[in-house]
Amino acid sequence: MELITNTRFMLIIASTLLIGIVIGYTIGYYMGQTTVQTTQTTPIQRKYILGVSIALSGPISSICVQWEPVVRMAIDDLNNISRSMGLNLVFEPYILDDKGSPEEALKNAQTFYAAGIRIMIGPPLSSQLKAIKAFSDANKFIIIAPCSNSPTLAIPGDYIFRTQPSAIAESEALAVLAIRENIRSIISFHIDDEFCNVFSKYFKDSFEKRGGRIVHEIVYSPGQADYGTDVATLASFARSLTPDAILYCGYGTDGANILSHAAEEPALRATRWLVVESFYGASEVLVPKIIEFAQQVRMIGIRPAPLVNPLYDEFVNRLRNYGGTPTYCSENVYDAVMIAGLAVLRTGGSTDPDELREAIVQVAKTYYGPGGWGLLDENGDRVQAAFKLWTLSMVNGTPQYVDIGYISDSTIVMES
Amino acid sequence: MEIARALICSYVFSWIYILSSIPLTLSYRTTKVFNFAHPVFITYGAYVAIFLNEFLNKNTPLFIAALFSFTTGGLIGVLNYLLIIRPLHQRGASPNVHMIATMGAWFVYQYALYIICQVLMKLRGASFLSYPSVEYVDISYIQRAIGLNTPQYIVTSTTLGLVVILSLYVLLNKTMLGFAMRGIADNQILATLCGIPRDKLMALTWFLTGGITALSGILWVNFSGSTTPEIGLHVVVINFAAAFIGGLSSLLVTALASAALALTENIVFLFLSYHLGLQPTIRLAIVFGVVFTILVIRPPLGAGGGLPYRFRTRIGRKVAGP
Amino acid sequence: MIDVLSFAIHWLTYFTIYAILAITLVLEAGISGITNFGKVAFFGLGAYIGAVVNTYTLLALLGYDVNTYTPFTAQGVSVLSKIAASEPIIVIMIFFMSLAISFVITGLFGRLLIYPVIRVGAGFVGFTLLSVGEILRAIYMNTHFLGGTYGMFGIPQPFTWLRSPVLSALCYLAVTFSIFLSAYILVSRIHESPLGRVLRAIRDDDVAALFLGKDVPRIKSSVFFLTSGLSGVAGALYACYVGSVNPQMFVVLVTFNVWAMIIIGGSSSPMGAVLGAALLSLVDRLLQYATPVIGGVLFSADYLRPIFIGCIMIAILVKKPMGLLPEKPPKITAGFLRKALEEIGEVNEGGCDTCD
């Protein structure tokens, strides 16, 4: 009896493995056809696949889903460049959902690597990037992260590049602005994630160095059902501490929830609001109630962007043809794909990681895209010293994000 | 301390939790299935209201949203019953198997919703993965007519909550159908022997479970400034906590537990945060701490009872005897 | 063409770690009747202990100031990466020490926890343990020493000093595989031992077992010590494999993935748990290769992957509700007893219908 059961079990195991091998081999064969082999119909063309790991589902999917059309647009642009240069490389994206989870991002990186892909765009979060770093270091797997800017990952000599400028310079610029606006006491209210924690910490250092004071800090958890009580806590402290302003750092989903609650709180309507670019572009914030609130509290936001960049406007217009609207980091995603592709073209389609790494550094020096100059520092992070100021306003009866000035080298210019 | 907002949040959340927790307990005590696809009802209920709002150019009446959401949630419940729960029951599957099978169903529904949202986003150019709050035109009209200036979500949650709870009370306590459902919940074999059509009543229970839970979704979109496909997951954790405190059997205790958890999450936390300086990041830990303490100190003796170990010493003494 | 070696190494490492969790869950839920919905609590605790020992202890032993070189700053991570490449003996020693410490602390935590938890009755143990997992996660998020929301990274993989990444990964796989095999043998032996019979008796009717003189709480707590300890080891292995820990990694979904593995494989069979873990992890990874083949015009093709996995789960369970490898009837070695039972038809050839 036991023999029969064991035989049945062995048969199950063997058939499972056999099916796995057959599926894997078939798909692998197909992948092989598309990645490295020359196709029979167009023998002169070679396909070069770029791995893309973004959160198509999960808590930050509302931002990242809008990156997919950006990737497709950048790939089309790369192919146009390749064609115009008479090269035989055709780029293709290989997009996988990482759900905003560190483990899924690592799995995606391993899948790309096993499929012969040597450059990955993404993942969106610093926590995910940390989970891939060991794999990237060991296998010389190149990662261009479009939305991570935590200083904890500013490590020289690795295979990680980041097209989002550092949070340190941005927080410093906002501190300068706060002081110029005669703001001396602030309550810092932010989501408990790496970007906002870092931003808040460096803002505090910079602001207090210039004579300001953070009178209280409130940190809320991401991924909650509602933030009404967190807003009530903020309002309680705003009433008792009477700060000059509130510094808010959050994303589209939590931001819309918080701002809609804040709009109903008299204590919060009586205080100025400084906000960070992390919810810039989020459509759920663009509702009349929040716009009216933003006007009432004279909300000012900051985002890293060159002072004048017609490429960004062109990017926004062209993106509509791909069915997308720009969200947080969209322009950095485009730049990441372009820098990766141009580096590949520069090496003639190489898959050698050291050659590609060097090419990325060189290409970035001369690259200028919707996110500005691509120049990378010694840690592989984008250098950016200019920031735009924005607010929420009604333009021709439509709620919109509107640029109202800029900051460059401690010079603040307000446009209106 | 700004107690008003915390009170409002507690009040609205109490209704949202009650409307989603009671069906969870109802379905468990009747069918003995621990349904991991429960968040789907909330999410789909909310998204039906969102899609209606988009297609009706932001002129959605509450009763239309409620009708469509209730029907959608109910149909999903019946579909789950027919395709997953009934076949598993017929094959004698254990509760754990039902639980994991419904988790598989959750994957399917959740990602199907992502696909629907993305297709609609491409067709209509609007983002559905994080959607702003939905105002119901009929409630706005009534409020204007009678000069009621309170926020709309208070009126909506009170109206819908009371109507549903009273209807459910009447159904379960004053009709033959309700008696039959309670009979099935108490003893399925005996109820079947008494001529109660078990299969039909199971399907009806799942229809009611899905439908009522979906209504909590339409309250959610009215209250919250943003709705995402993950919303069901956020709410369902509290639903499970309330259902467990209710012993997976008592609808009244489940409802009271829902309200108590909403209060803990909001009022109690605001007090701790303002006076003790606790950060909101530990809010969920406090809620789970309360649940843990309640379950350990006073274990409910409901459907999931088991051996009350606090009597172990007494039993041991009796067994050992003099 | 897929790099089969690279694919196999990473899948097998992932699979062996999850298989340890699945095997221990079989011992808890399938054999002993402890409905553990807090698996991730022990996995996460082990991972954090592994991370702390492999970073702070290593830095302190080599004379670095742990207040400056913390494992969540660029300086700390750079130093750890240099140490991992240049100090093989000490890194390996610390690694094995971290596994032992994880086992002991997580095991003790499990043993302590089972006493209050056991009061709540079988139906509520699951949610009580789930609450513990969420409370622990909040503690990680709010503890500066553990990196808070930054988490910790730069955790050395003990074979980084080997120049070849493939060789290094293979060595690590050998470690995870050995621990997985040991856990499997241990749980299988317990399953077939007199203790296993007592555990099954407790699972089937704990009141009856209590009245038959079995010290149910003590036996449950001993089992929970072992399974929690092994889950902690799996966590430490995971932390060194990934190289980082973060509160986001230890969410409730991890627990239910492990549950799905054992239910699909067969909740009372250690081999079933292994099969379930292999099947779910392999299908998920293989489907990732299908995404570009499917393409996607109106929606992202990768959305179909979880839908497909969900359908597979439902199909398997509807077809085989006891899992792919249901529990076998217990071995009866005493000839006279077997004969007597055969006479009254109690020894059946198939699975056990009421075992789950």
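All of the numbers you see were taken from the coordinates with simple rules; none came from a lab. The model shown is predicted, which means the values in this text are computed figures rather than measured ones. Cβ atoms come from the backbone with ideal geometry, glycine included; neighbour counts cover every protein chain shown.
Each 10 Å bin, from zero up to the one with the longest distance, holds this percent of the alpha carbon pairs of region C:4-251: 8, 31, 32, 19, 9, 2, 0. Taking the C-alpha atoms only, the angle from helix C:216-242 to the longest principal axis of chain C is near 30 degrees.
Across C:Ile89, C:Ile179, C:Ile155, mean-square fluctuation computed from a Gaussian network of chain C (C-alpha pairs under 10 Å connected) peaks at C:Ile89.
Sorting C:264-276, B:275-287, B:222-234, C:201-213 by their mean Cβ neighbour count within 10 Å, with the most densely packed peptide first, gives C:264-276, B:222-234, B:275-287, C:201-213.
Of the residues A:Phe135, A:Phe199, A:Phe315, the one that moves most in a GNM of chain A with alpha-carbon contacts below 10 Å is A:Phe135.
With the charge dipole of the protein assembly as shown set up from +1 on Lys and Arg Cβ and -1 on Asp and Glu Cβ about the Cα centre, the Cα lying farthest toward the positive end among the listed residues C:Ile190, A:Ile302, C:Gly63 is that of C:Ile190. For the protein assembly as shown, the Kirkwood estimate of the hydrodynamic radius, built from every pair of different alpha carbons, is 30.4 Å. Counts of other chain beta carbons within 10 angstrom of each beta carbon in peptide A:111-117 average 6. Per-residue ellipticity at 222 nm for chain A, helices alone: DSSP H runs ≥ 4 residues times -39500 (n - 2.57), over residue total, nearest 500 deg cm²/dmol? When only DSSP H runs of four or more count, the value is -15000 deg cm²/dmol. For the segment C:125-133, counting C-beta atoms of other chains within 10 Å of every residue's C-beta and taking the mean gives 6.
Taking the mean number of other Cβ atoms within 10 Å as a proxy for protection, how do you rank A:255-265, A:183-193 from highest to lowest?
Numbers: A:255-265: 25.2, A:183-193: 22.3.
The peptides rank, most packed first, as A:255-265, A:183-193.
Helix A:167-180 and the longest principal axis of the Cα set of chain A meet at an angle near 10°.
For the pair B:Ala145 and A:Gln400, a Förster radius of 35 Å applied to the C-beta separation gives a FRET efficiency near 0.55, rounded to the nearest 0.05. Percent of Cα pairs in chain A per distance bin of 20 Å, from zero to the largest separation: 25, 51, 19, 4, 0. When the Cα positions of B:Trp15, B:Phe36, B:Val221 are compared along the charge dipole of region B:3-320, B:Phe36 comes out farthest toward the positive end, with charges on each C-beta of Lys, Arg, Asp and Glu.
Expressed in nm to one decimal, what extension gain is obtained for the pair C:Met97 and C:Leu5 from 0.36 nm per residue of sequence separation less their Cα-Cα distance?
Numbers: separation 92, 0.36 × 92 = 33.12 nm, distance 2.95 nm.
Residue separation times 0.36 nm, minus the Cα-Cα distance, leaves 30.2 nm.
If you run the Gaussian network model on chain C, springs between alpha carbon atoms under 10 Å, then out of C:Val77, C:Val283, C:Val91 the most flexible one is C:Val283. By other beta-carbon atoms within 10 Å, ranking A:Tyr227, A:Tyr406, B:Tyr28 with the fewest at the front produces A:Tyr406, B:Tyr28, A:Tyr227.
Relative contact order of region C:4-251, please, whole-number percent, based on alpha carbon pairs below 8 angstrom and at least 6 residues apart.
Numbers: 385 pairs, mean separation 104.1, N = 248.
Worked out over region C:4-251, it gives 42 percent.
Between C:Arg197 and B:Asp138, take the C-beta separation as r, use R0 = 60 Å, and let me know the FRET efficiency to the nearest 0.05.
Values: r = 65 Å, r/R0 = 1.09.
Step by step, r from the Cβ atoms, then E = 0.40.
Evaluated at q = 0.18, 0.27 Å⁻¹, the base-10 log of the normalised Debye intensity for region C:38-96, with identical point scatterers placed on the Cα atoms, takes the values -0.62, -1.10.
Quote the relative contact order of region A:258-342 in percent (integer), defining contacts as alpha-carbon pairs under 8 Å separated by 6+ residues. Here the relative contact order equals 33 percent.
Can you give the mean number of other chain Cβ atoms that lie within 10 Å of the Cβ atoms in peptide A:89-100?
The mean count of partner-chain Cβ atoms within 10 Å per residue comes to 3.
In the protein assembly as shown, taking the dipole from charged Cβ atoms about the Cα centre, the farthest positive-side position among B:Phe63, B:Ile139, C:Leu275 is held by C:Leu275.
If you take the Cα atoms of chain B, find Rg, then find the Kirkwood Rh from the mean of 1/r over all pairs, what is Rg/Rh?
Values: Rg = 21.0 Å, Rh = 20.9 Å.
Result: Rg/Rh = 1.01.
Within chain A, the cysteines lacking any other cysteine Cβ closer than 4.7 Å to their own Cβ are A:Cys64.
Note down the relative contact order for region B:55-159 as a percent, whole number, built from C-alpha pairs under 8 angstrom at least six residues apart.
Numbers: 38 pairs, mean separation 39.6, N = 105.
Contact order relative to length: 38 percent.
Would you mind checking the tilt of helix A:2-35 against the longest principal axis of the Cα atoms of chain A, expressed as 0 to 90 degrees and rounded to 10? On a 0 to 90 degree scale, this one is about 80. Residue separation of B:Val119 and B:Leu190 scaled by 0.36 nm, minus their Cα-Cα distance, works out to 20.6 nm of gained length. The dipole here belongs to chain B: it is taken about the Cα centre, uses +1 on the Cβ of Lys and Arg and -1 on the Cβ of Asp and Glu, and is about 1100 debye. About its Cα centre, region A:332-416 has a charge dipole of approximately 260 debye under the convention of +1 per Lys or Arg Cβ and -1 per Asp or Glu Cβ, with nothing else charged.
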